[in-house]
Amino acid sequence: MQPKSEWWHSAVIYQVYVRSFADSDGDGEGDLTGVRRRLPELAALGVDAVWLTPFYVSPLADGGYDVADYRDVDPRFGTLADFDSLIASAHDLGLRVIIDVVPNHTSSAHRWFRAAVESEPGNPERARYIFRPGKGPGGDEPPNNWQSIFGGPAWTRLKRPDGTPEEWYLHLFDAEQPDLDWSNPEVHEEFEDVLRFWLDRGVDGFRVDVAHGLVKDPALPDIAPGQRADLLDGSTRLPYFDQDGVHDIYRRWNAIAASYPGDRALVAEAWVEDAQRVARYLRPGELHQAFNFEYLVAPWDAAALRGVIDRSLAANGDVGATTTWVLSNHDVPRHVTRFGDGGTGLRRARAAALLTLALPGSAYLYQGEELGLPEVTDLPEEALQDPTWERSGRTRRGRDGCRVPLPWEGEEPPFGFGPADAEPWLPVPEEWRSLTRAAQRADPDSTLSLYTAALRLRRGLHNTAPSSLTWLEAPSDVLIFGRGAGFVCAVNLSEQAVEIPLHGEVLLSSEPRSGDRAPLSLPPDTAVWLRV
Ligand code: GLC
């Protein structure tokens, strides 16, 4: 099979968490102008596209995934004119731009939800959301037992201004994120128009937030007692995730994207059961890519990784879709920290980068992984902003530790994230002094230099290599595969150095090497790219 023609099939897409990327105006939060000014550094890294997390008008109850106006930029992130300049600069640099669309829920500050609250039960204003009477005496109990992914019940009861309680509304996430009712045609029309609004402004695609959640089982049945309902846990079937009806929505969206010139990509965030359920979102005429979360959650283990890789390629191959690879994002602890303590985590992360970037398909990088940033695990409690912290009764700290502002340059926090006198929205650790982009640029052995070299080589590889891989014979706990034209990737996941039965030129190594004589020795937790 030869690589397909649309740009996304082999693209490396860099996730910009806008609030934490670069602060141009000194309010402590990243913004669109900050992103625009730093784009040349992403072009120099060698990525093909950026994905921008939500920058829409929002009270930021969930970091902007609570959208109050889908067609405008929040003043703290800039203006529509700033967005247009960003797109123009990106395109000048040869970078595509994908943005988030958040269709499962709005913010409670959205005009639709305000109108719903002001109207009466049974009115059309209520029919855009999922309002239901409560159960039990006085309707005092929620309509069913669903739990919010951030903790606590998934239902909140409305009160009239005089305090009289009335209907409940559903929110799979925070109470400030009421779920929309996708059985209402008005909701479809609204989002189709939102897509067109941004496509007309030149975006190259959308990342569809909670793509598996829009349609609920209309009976709203209780879930089994004790059933886990975590966003990151697709292992059980739930009446509000992965319902068949979602696919009709994406067939319509596909037609809209296809009606625009150029290739406009639709990418699913769908935490569902397994690779085959994910692939259903990628059937012809639906979405184009989905995040490979099975790969993201896989342990640092050769058999486990090989299993995920095979299952992903097979499931996506069956529907003719490209496979994606992702190690981190703004919702999970950074993989340097997931993979191990101290130096081990970083060593494995660097090896994992070479594995990920050698696989056939498309890769998503999360901002800061190219710097080898670890999770910040000791943010002071008063700094925590993820709704998970309060909704879990302060038992789960949430996702702020992977959202700490990026270190760019200089000797003192916030390391060029914003002006020196502006306090960033989350504190930046002093120890990141040695991890700034400027510090790493000067060091040929840095993680940034490794990513930059890997992305440069990868471009050549993906232009010529087949969109499949061949596993080669390997010692236990070692993965070795070829991609045609003599390219081989070998990863040692064991605790000992291993000799690998190959002769060839080392193109790139996840750790500095000296003296590459045959047979090739691979230290623990390292990866190499070879020309054999
Ligand atoms: C997605 C986002 C996450 C957000 C949630 C609700 O999972 O990635 O950050 O909290 O949707 O919109």
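Just a few scattered comments:
- Overall form of the stretch 278-329 per C-alpha gyration tensor (a/c, 1.5; a/b vs b/c): oblate
- Grouping the Cα pair distances of the stretch 111-170 into 5 Å bins from zero gives a pair-distance distribution of 4, 19, 27, 24, 19, 6, 0 percent in increasing distance order.
- Taking the C-alpha atoms only, the angle from helix 80-92 to the longest principal axis of the chain is near 20 degrees.
- Vicinal HN-Hα couplings computed from phi for the stretch 309-323 (Karplus, 6.51 cos²θ - 1.76 cosθ + 1.60; Hz; Gly/Pro x): 4, 5, 5, 5, 5, 5, 5, 6, x, 4, 9, x, 9, 7, 9
- Neighbour counts of C-beta atoms inside 10 Å place 373, 346 in the sequence 346, 373, starting with the fewest.
- The HN-Hα couplings worked out from phi for the stretch 213-228 by the Karplus form 6.51 cos²θ - 1.76 cosθ + 1.60 (θ = phi - 60°) are x, 5, 9, 10, 4, x, 6, 6, x, 4, 8, 4, x, x, 5, 6 Hz, whole numbers, x standing for Gly and Pro.
- Relative exposure of 73, 532, judged by other C-beta atoms within 10 Å (fewest first): 532, 73
- Between helix 246-258 and the chain: long-axis angle, C-alpha atoms, 0 to 90°, nearest 10: 70 degrees
- Alpha carbon centroid spacing (whole Å) that separates the stretch 141-165 from the stretch 460-518: 54 Å
- Classified by the C-alpha gyration tensor, the stretch 469-531 has an oblate form. Its axis ratio a/c, with a ≥ b ≥ c, is 1.5 or above, and a/b does not exceed b/c.
- The loop-placed trypsin sites (Lys or Arg not before Pro) in the stretch 161-224, going by DSSP, that have at most 14 neighbouring Cβ atoms within 10 Å of their Cβ come out as 201.
- Sorted by Cβ density within 10 Å, fewest first, the residues 119, 89: 119, 89
- Once the Cα atoms are used to define both axes, helix 342-358 deviates from the longest principal axis of the chain by about 90 degrees.
- The magnitude of the dipole of the stretch 104-153, with charges of +1 and -1 set on the Cβ of Lys/Arg and Asp/Glu and taken from the Cα centre, is near 180 debye.
Each value in this text was obtained by applying a stated rule to the coordinates, not by laboratory testing. Quick caveat: nothing in here was measured; it's all calculated off a predicted structure. When we count neighbours, we look across all protein chains shown, and the Cβ atoms used for this are built from the backbone with ideal geometry, even at glycine.
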